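As structure tokens, the structure follows; a few thoughts come after it.
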Amino acid sequence: METSHILDFIRRTFNDPEGFIPLHAPFFGGKEKEYVADTIDSTFVSSVGAYVTRFEEMMTEITGAKYAIATVNGTTALHLALVLAGVKYGEEVITQPLTFVATANAIAHAGAIPVFTDVDKDTMGLSPAALQAFLEEHATVNAGGECINKTTGRRIAACVPMHTFGFPARIREIAAVCSKYNIPLVEDAAESLGSYVGDRHTGTFGKVGIFSFNGNKTVTCGGGGAIVTDDEATAKRAKHLSTTAKIPHAYEFVHDDIAYNYRMPNLNAALACAQLEQLGSMLVNKRELAEMYSNFFQGSSVSYVKEMEGTKANYWLNTVIFQDRQQQQAFLKESNDSKVMTRPIWRLMNRLPMYANCQHGDLSNAEWLEDRVVNIPSSVRK
């Protein structure tokens, strides 16, 4: 399929024959200004305020998790989630090499060492088969119930699958493998708000899950994150550690742990609440766009990525797969030169200098996708 044909379709779809078409622009069609102004008028613009509480309530309503804790962004949410899962300095965390760098960075922030196992081609998320194969070869569960990497001698303290571009990974199967080896499951659902496996929302299959509300996400508050869990003790500890471990008191400053200033400000939460009110309609809009893309690419040499059977994706970023790297790179150059914003999938984490020495299994699927995947414009159409 000719690049010019694809670009012409994108321009017609977004009703913009000549201008710049972003990859994913925020959509503000609700009470964003009203709620932010209300927050300013209240003077509660920092980490204490009614909108923070309301945001957390809305996240439990949307995801079905019992508890939600607001954070300043997705990276801090994942860092704190790893701490809550019991990850300690010098331990290992298994994740996928095909992910945004924040996933690996959060592991490093927790003082742990990433270990990379392959993804599935159809979901672009962590492969349960690759995870199982890696653990069979390298792991053992000791008498104390700890999963130990026989090659390095370190404890494997957690597993972090990521739902790539909002397409659910095979999370049930991943959870089963983690349970078999007694590895805590921490879900990076940063990109998958509104995505489901069966009737269960992503982010709710492990001990903790996290979401992001960065400026390019379906729902945004500029910067923001959330941790979800069904465990009350974990939720209480998350809130405590995200607010500098300060013991509640009318005026005294007493802190009982080394903690973090990770609480979402009320100002951001106000914007998030207004956005979450529109989540349903935005998801409908995005599924309509996905259907248009799917029909357009049907039968062509360019493959359009669809949700796996039994799942419901939010189609955060629409994704196509070219036949080889040469076609991928040619399309990326021509589209961006034509003011239609497109992006390749991320460079593999094990290719980055700070993670180049991390242990990994066979990464054939991740390498194949790295050479072919492109994200195309995915904004909510007005």
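The values are calculated or read from the model by the stated rules, or taken from the named source; none is laboratory data. This structure is a prediction, so every number in the text was calculated from the model and none was measured. With ideal geometry, Cβ positions are generated from the backbone for all residues, glycine too; neighbour counts draw on all protein chains shown. The accessibility values were calculated without ligands, DNA or RNA, using every heavy atom of the protein model including side chains. Shrake-Rupley method; radii C 1.70, N 1.55, O 1.52, S 1.80 Å.
Descriptive notes on the structure:
- For the range 1-129: accessible area per residue (Å², 1.4 Å): 42
- Residues whose amide H lies under 5 Å from that of T71, counting only those 5 or more places away or on a different chain, are G225, A226, I227, M264; hydrogens are built 1.01 Å from N in the peptide plane.
- Value of [θ]222 nm, deg cm²/dmol, for the chain, DSSP H segments ≥ 4, -39500 (n - 2.57) each, nearest 500: -11000 deg cm²/dmol
- Hydrodynamic radius by Kirkwood, which averages 1/r over all alpha carbon pairs of the range 247-382, in angstrom: 19.0
- Residue among I40, I174, I183 with the largest mean-square fluctuation in a Gaussian network model of the chain, springs linking Cα atoms under 10 Å: I40
- Reachable lysines, given that their alpha-carbon falls under 21 Å from the alpha-carbon of K31 and they are not under 8 places away in the same chain: K217, K286, K382
- Contact order relative to length of the chain, as percent, for alpha carbon pairs under 8 angstrom and 6 or more apart: 25
- The relative contact order of the range 228-268, computed from alpha carbon pairs under 8 Å that lie at least 6 residues apart in sequence, is 34 percent.
- The range 338-353 - phi-based ³J(HN,Hα) in whole Hz, Karplus 6.51/-1.76/1.60, Gly and Pro as x: 8, 6, 10, 6, 10, 9, x, 5, 5, 5, 4, 4, 6, 8, 7, x
- Restraint check, K88/K207; K180/K207; K121/K150, Cα-Cα greater than 24 Å: K121/K150
- Normalised by the number of residues in the range 1-109, the mean separation of alpha-carbon contacts (under 8 Å, six or more apart) gives a relative contact order of 14 percent.
- Aspartates and glutamates whose Cα lies under 15 Å from that of K239, excluding same-chain neighbours fewer than 8 positions away: E56, E57, D230, D231, D256, D257
- Phi-derived couplings, Karplus 6.51 cos²θ - 1.76 cosθ + 1.60 at θ = phi - 60°, listed residue by residue for the range 43-55: 6, 8, 9, 9, 7, 10, x, 5, 6, 4, 4, 5, 4 Hz, with x used for Gly and Pro.
- Charge dipole (the chain, unit charges on Cβ, about Cα centre) - positive-most of V228, T243, G111: T243
- Accessible surface calculations at 1.4 Å, restricted to protein heavy atoms, place the range 271-382 at 46 Å² per residue.
- Sulfur and carbon atoms: percent of accessible area, the range 198-245 [1.4 Å]: 45
- Across the chain, the longest run free of exposed loop sites, meaning GluC sites (Glu not before Pro) lying outside DSSP classes H, G, I, E and B with no more than 13 other Cβ atoms within 10 Å, spans 19-251.
- Sites excluded, chymotrypsin sites (Phe, Trp or Tyr not before Pro) in DSSP loops with at most 16 other C-beta within 10 Å, longest stretch of the chain: 90-250
- The charge dipole of the range 31-165, taken about its Cα centre with unit charges on the Cβ atoms of Lys, Arg (+1), Asp and Glu (-1) only, comes to about 320 debye.
- A simple charge model with +1 on the Cβ of Lys and Arg, -1 on the Cβ of Asp and Glu and nothing else charged puts the dipole of the chain at about 240 debye relative to its Cα centre.
- Scalar couplings 3J(HN,Hα) for the range 31-37, obtained by applying the Karplus form with A = 6.51, B = -1.76, C = 1.60 to θ = phi - 60°, are 9, 4, 5, 4, 5, 5, 4 Hz; x denotes Gly and Pro.
- Heavy-atom accessible surface of the range 102-183: percent carbon and sulfur, 1.4 Å: 48
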